[in-house]
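What follows is a short report on a single structure.
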Amino acid sequence: DGACDDPEACLSSLEERVRELATSRSELEQRVSQLEEGEEEVKALLRVLDGLLGQLPPEVVDRFSKTEEFKLYERVLDRLKV
């Protein structure tokens with residue numbers, strides 16, 4: 001029913017839960033930051049690869065553009081807005 005017979009114990013339990021949640025939040029924020037950094041690195045690498053792809057002979061690019069790997073390449077570029 002959510003009632004608390006011992007207010008001191010309930011308060012202590014709530015304070016502990018708040019500390020746990022604060023720790024979880026901090027860990028999640030750190031993970032998000034790491035993911036964002038990793039995403040920026042992937043974007044930079046994709047820009048380099050895209051530039052290198054543009055330097056290949058047209059027949060090589062044409063052949064690549066007909067593969068499943070190219071479809072994946074395009075999806076990743078689109079998803080990351082590169």
Arg75 vs. criteria open to solvent by 80 Å² or more (accessible area, probe 1.4 Å) and under 18 Å from the mean Cα position of the chain (by Cα): yes
Within the set of pairs 6+ apart or on separate chains, which have a first residue in segment 32-55 that is free of Cβ contacts under 8 Å to residues at least 12 places away in the same chain, a second that is surrounded by 10 or more Cβ atoms within 10 Å (Cβ to Cβ) and part of a helix (DSSP H, G or I), and C-beta atoms under 8 Å apart? Leu53/Val61; Leu53/Phe64; Gly54/Val61
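Name every residue in segment 1-14 that is assigned to a helix (DSSP H, G or I) and surrounded by 10 or more Cβ atoms within 10 Å (Cβ to Cβ), in order of residue number.
Ala9, Cys10, Leu11, Ser12, Ser13, Leu14
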Just checking, does segment 24-33 include any residue being exposed (fewer than 11 other Cβ atoms within 10 Å of the Cβ) and either of a type in the set (Asp, Glu) or touching a Ser or Thr at 6+ places or on another chain (Cβ under 9 Å) (or both)? yes
Condition test on Asp50, is it over 16 Å from the mean Cα position of the chain (by Cα), acidic (Asp, Glu) and assigned to a helix (DSSP H, G or I)? yes
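The values are calculated or read from the model by the stated rules, or taken from the named source; none is laboratory data. In this text, all values refer to a predicted model and were calculated from it rather than measured experimentally. Backbone-built Cβ (ideal geometry, glycine too); neighbour counts: all protein chains shown. SASA here: full protein model, heavy atoms, side chains in, ligands and nucleic acids out. Shrake-Rupley method; radii C 1.70, N 1.55, O 1.52, S 1.80 Å.
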